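The values are calculated or read from the model by the stated rules, or taken from the named source; none is laboratory data. In this text the structure is predicted, and so the values were computed from the model without any measurement. Cβ placement follows ideal geometry from the backbone for every residue including glycine, while neighbour counts extend to all protein chains displayed. SASA here: full protein model, heavy atoms, side chains in, ligands and nucleic acids out. Shrake-Rupley method; radii C 1.70, N 1.55, O 1.52, S 1.80 Å.
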Amino acid sequence: MPAVSWIMPVKNGMPYLSEALASIETQSYRDFEVLVWDNGSTDGTVEELERWIPLRLPGKIIKGDPRSLGGSRAGLVQLSQSEFCAILDADDIVVPYRLETQLSYLHAHPEIAVLGANLQFIDSQSCESGGHSNYPLTHEDIVTAMLTQNPIGQPAVIFRRQAVLEAGNYSDLPDVEDYELWLRVASRYRLANLPETLTSYRVHENSTTQKDIRSNLLQAKVDEIFVQNAGSLFGWDEET
């Protein structure tokens, strides 16, 4: 099996999907597969995927079993047999040296289970917009930041598959499935972020995350998930 599985859930990923797949094709590190879970696309996404996988990119497309975002991410982790899983969403773009950079760090730091990096924000035309993220780098600073926010940008994450499975894998929690998983992983293993900007994260009005931000739902979800998981990570209870 390849060392890395790119895992990509998608529903109606056009017109950005081809840019995402092209960025995988340019990776300097080549020992990977691309696993995509289609969640009922109707906009030509499946046809575009079939032009790439497995003809240009090794991997597999899962069709005919639409799930939630968290459910399809969990299914892809289960399907993978690789040591590492790397996240890429269908509307984002990775730099050519992303895998090489992150794997080099993980091999040098076997204690790290989840590794993120900074994000460059881009608009619907793939132009830089709004600067880039500035996430905390060390496990201790990441855990402290978890008190109020999600300090790991999922679009730039690579993780050790076995560690995520042992922590319980992704749950079916819309928009916070990543934050909730990192809280569970952090109670067992160590997390880190790289200072480099390795993924371009597309911010557009149709994304579910942006809709929740505009309606003030996202922070409420983060707060609720934190309270539910604070005990295992910090030794607190809900009365503390």
>> Can you tell me which residue is least open to solvent (accessible area, probe 1.4 Å) among those in the stretch 99-128 that are touching a Ser or Thr at 6+ places or on another chain (Cβ under 7 Å) and among the charged types (D, E, K, R)?
In response: 123
> Looking at residue 25, is it free of Cβ contacts under 8 Å to residues at least 40 places away in the same chain and under 27 Å from residue 123 (Cα atoms)?
Replying inline: yes
> For the stretch 26-44, what are the residues that are part of a loop (DSSP other than H, G, I, E, B), acidic (Asp, Glu) and farther than 20 Å from residue 115 by Cβ?
Replying inline: 43
> Which residues, taken from the stretch 148-178, are in a loop (DSSP other than H, G, I, E, B) and open to solvent by 70 Å² or more (accessible area, probe 1.4 Å)?
Replying inline: 148, 149, 172, 174
> Consider residue 46 against the criteria (1) in contact (Cβ under 8 Å) with a residue 24 or more places away in the chain; (2) open to solvent by less than 60 Å² (accessible area, probe 1.4 Å): it satisfies all of them except one. Which criterion is unmet?
Replying inline: (1)
> Taking residue 23 and the conditions (1) out of contact with any Ser or Thr (no Cβ under 9 Å at 6 or more places or on another chain); (2) assigned to a helix (DSSP H, G or I); (3) hydroxyl-bearing (Ser, Thr, Tyr), which numbered condition does it fall short on, given that it satisfies the others?
Replying inline: (1)
> Checking residue 152 against (1) touching a residue at least 60 places away in the same chain (Cβ under 8 Å); (2) within 23 Å of residue 84 (Cβ to Cβ); (3) touching a helix residue (DSSP H, G or I) at 6+ places or on another chain (Cβ under 6 Å), which test does it fail?
Replying inline: (1)
>> If I filter the stretch 26-33 for residues that are touching a Leu at 6+ places or on another chain (Cβ under 8 Å), within 17 Å of residue 91 (Cβ to Cβ), modelled with pLDDT of 95 or more and open to solvent by less than 10 Å² (accessible area, probe 1.4 Å), do I get at least one hit?
In response: no
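Every residue, every condition in (1) out of contact with any helix residue (DSSP H, G or I) (no Cβ under 6 Å at 6 or more places or on another chain); (2) among the β-branched types (Val, Ile, Thr); (3) on the phi > 0 side of the Ramachandran plot; (4) at pLDDT 95 or above, yes or no:
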{"residue": "170", "(1), (2), (3), (4)": "no, no, no, yes"}
{"residue": "193", "(1), (2), (3), (4)": "yes, no, no, yes"}
{"residue": "205", "(1), (2), (3), (4)": "yes, no, no, no"}
{"residue": "210", "(1), (2), (3), (4)": "yes, no, no, no"}
{"residue": "213", "(1), (2), (3), (4)": "yes, yes, no, no"}
{"residue": "217", "(1), (2), (3), (4)": "yes, no, no, no"}
> Of all residues in the stretch 1-20, how many are open to solvent by 10 Å² or more (accessible area, probe 1.4 Å) and assigned to a helix (DSSP H, G or I)?
Replying inline: 2
